[in-house]
Amino acid sequence: MSDYGLKVFDASENTTLDTTDKITRFRYSKEVAADASSNTTLADIDGLSSVEFSIPLEEATGKCPHSVVRSGTTITWAAQSGTYYDSANSLIFLFLYT
Amino acid sequence: MSDYGLLVKNNSEEIQIDSTYRNLSLDESDTDTISNNNTDAGYYASIDIADSVLVPLILFQPNTDYFSMVSAYIKSGSNFASFNMATECDGSSSPSGPQTTSVNWRSYRQNRAASGDSYGLLVYNAAGELCFDSGKSYFKVYSVTNVSLSAPAKATFPSTDITHAGISNPFYILTPVSYYLNMYPLDATFTNMDAKMVGLKKLSSTSVRVGWSLFRRDRIQAQLTHNEGLNPAMKLIICDI
């Protein structure tokens, strides 16, 4: 048993939060148009681990999400297209887990 | 950093609760059958979730029979109202007899409503929004694995197997959505257009396969050979619920 941190229980005495858990916090989302490419800086995520991704907000064969890249505290998204596929309206999503 | 509320770190000094950003808690869960009949309208299943402006994060458990993947989040007006999941088609014809699998899924959001428990811990941010509620269920990130696959080709479906010996029957997030098209002559008259995505298939309670699979096949009267698409570096997030 660690002597550091917080352990939280629900009313049934199940552990909701333990001292070793990596739980997640919602940090950022943005809906972007199919042809949009841009970036944003989230200064407060410096040094924190995140998962960032995009997912289509529309369904069709060949409709693809934007690429999403984190570099330091900058999140960059870009539309993606080819001869037989093109970019979808997408949701950019970032959550923190440290 | 806010000077309001509670900052909680785990024993690795990683932030768990910060009284600024809201933790993602379980909003709803279910088991659904998804099918694919190899048509534009029938290669995926739409699964309803509670209407809310709060963005969902969908975790799922695939089955052992076919690959499956989350393909889109769908809004109705300003609300997120459903998400789509696809599975493999048999590709013998279009339409084809539906190929079905079942998946367990869980939708996490910023706390949409308080648990109502009168016991435990509630943490709010400065805007009065509920960050953490001990009556809610939170998933833990067990591991994040980077996955890079070769591009698929005619009759080729690259995959890799991931073992997670320390956790049984977890839920997964696989991101981002991928897409690849392989076009090749079927005979002297027709060309097959095979559309593929990367999905997950359960191998055992402690292992999963990440791989390309066929989700649409069209046939056109032409002689074409063409291969293109998105084959991004992917992340498999293994989640302890």
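The values are calculated or read from the model by the stated rules, or taken from the named source; none is laboratory data. Model, not experiment: these values are computed from the prediction. So basically every Cβ, Gly included, is an ideal-geometry build from the backbone, and we count neighbours across all protein chains shown. Accessible surface areas use protein heavy atoms only, side chains included; no ligands, DNA or RNA. Shrake-Rupley method; radii C 1.70, N 1.55, O 1.52, S 1.80 Å.
Out of curiosity, is B:K202 within 11 Å of chain A (Cβ to nearest Cβ) and part of a strand (DSSP E or B)?
Working: within 11 Å of chain A (Cβ to nearest Cβ): no; part of a strand (DSSP E or B): yes.
No.
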Does B:I49 satisfy the condition of being away from chain A (no Cβ under 12 Å), without any contact (Cβ under 8 Å) to a residue 60 or more places away in the chain and open to solvent by less than 50 Å² (accessible area, probe 1.4 Å)? yes
Let me spell it out: the conditions are (1) farther than 22 Å from A:S87 by Cα; (2) within 13 Å of chain A (Cβ to nearest Cβ); (3) not in a strand (DSSP E or B), and B:A113 meets all of them except one. Which number is the exception? (2)
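Taking the stretch B:52-62 on its own, how many of its residues are away from chain A (no Cβ under 11 Å) and assigned to a loop (DSSP other than H, G, I, E, B)? Talk me through it step by step, then tell me what you get.
Filtering the stretch B:52-62 for residues away from chain A (no Cβ under 11 Å) gives B:52, B:60-62.
Remaining after also requiring assigned to a loop (DSSP other than H, G, I, E, B): B:62.
Number of matching residues: 1.
Table: residues versus (1) within 30 Å of B:M193 (Cα to Cα); (2) of a type in the set (S, T, Y); (3) in a loop (DSSP other than H, G, I, E, B).
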| position | (1), (2), (3) |
| --- | --- |
| B:G5 | no, no, yes |
| B:E13 | no, no, yes |
| B:T20 | no, yes, yes |
| B:S25 | no, yes, no |
| B:T33 | yes, yes, no |
| B:N38 | yes, no, yes |
| B:I47 | yes, no, no |
| B:A50 | no, no, no |
| B:T64 | yes, yes, yes |
Return a yes/no flag: does the stretch A:84-97 have any residue that is without any contact (Cβ under 8 Å) to a residue 40 or more places away in the chain and of a type outside the set (D, E, K, R). yes
Specify which of the listed residues (B:F83, B:F67) is away from chain A (no Cβ under 13 Å), buried (at least 21 other Cβ atoms within 10 Å of the Cβ) and either within 18 Å of B:L174 (Cβ to Cβ) or at pLDDT below 95 (or both). B:F67
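Could you please let me know if A:K22 is over 25 Å from B:S107 (Cβ atoms), open to solvent by 10 Å² or more (accessible area, probe 1.4 Å) and in contact with a Ser or Thr (Cβ under 7 Å, 6 or more places away or on another chain)? Before you say what the answer is, go through the steps one by one.
Details: over 25 Å from B:S107 (Cβ atoms): no; open to solvent by 10 Å² or more (accessible area, probe 1.4 Å): yes; in contact with a Ser or Thr (Cβ under 7 Å, 6 or more places away or on another chain): yes.
Spelling it out, it is not the case that A:K22 is over 25 Å from B:S107 (Cβ atoms), open to solvent by 10 Å² or more (accessible area, probe 1.4 Å) and in contact with a Ser or Thr (Cβ under 7 Å, 6 or more places away or on another chain).
When you go through B:S29, B:S93 one by one, which is the residue that is outside any loop (DSSP other than H, G, I, E, B) and either more than 8 Å from chain A (Cβ to nearest Cβ) or crowded, with 21+ Cβ neighbours inside 10 Å (or both)?
Numbers: B:S93 fails: outside any loop (DSSP other than H, G, I, E, B).
Of the residues listed, the single one that is outside any loop (DSSP other than H, G, I, E, B) and either more than 8 Å from chain A (Cβ to nearest Cβ) or crowded, with 21+ Cβ neighbours inside 10 Å (or both) is B:S29.
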Which residue, of B:F215, B:F171, B:F157, is without any contact (Cβ under 8 Å) to a residue 60 or more places away in the chain and either of a type in the set (A, V, I, L, M, F, W, C) or open to solvent by 40 Å² or more (accessible area, probe 1.4 Å) (or both)? B:F157
Which condition does A:L17 not pass, out of (1) modelled with pLDDT of 95 or more; (2) facing chain B (nearest Cβ under 7 Å), if it passes all the others? (1)
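Condition check: more than 10 Å from chain B (Cβ to nearest Cβ), over 16 Å from the mean Cα position of the chain (by Cα) and under 20 Å from B:Y73 (Cα atoms). Does A:A34 satisfy that? Quick ask: steps written out before the conclusion?
Details: more than 10 Å from chain B (Cβ to nearest Cβ): yes; over 16 Å from the mean Cα position of the chain (by Cα): yes; under 20 Å from B:Y73 (Cα atoms): yes.
Judged against the criteria, A:A34 is a match.
Quick check, is A:T83 in a loop (DSSP other than H, G, I, E, B) and loosely packed, with under 14 Cβ neighbours inside 10 Å?
Values: in a loop (DSSP other than H, G, I, E, B): yes; loosely packed, with under 14 Cβ neighbours inside 10 Å: yes.
Taking the combined requirement at face value, the residue satisfies it.
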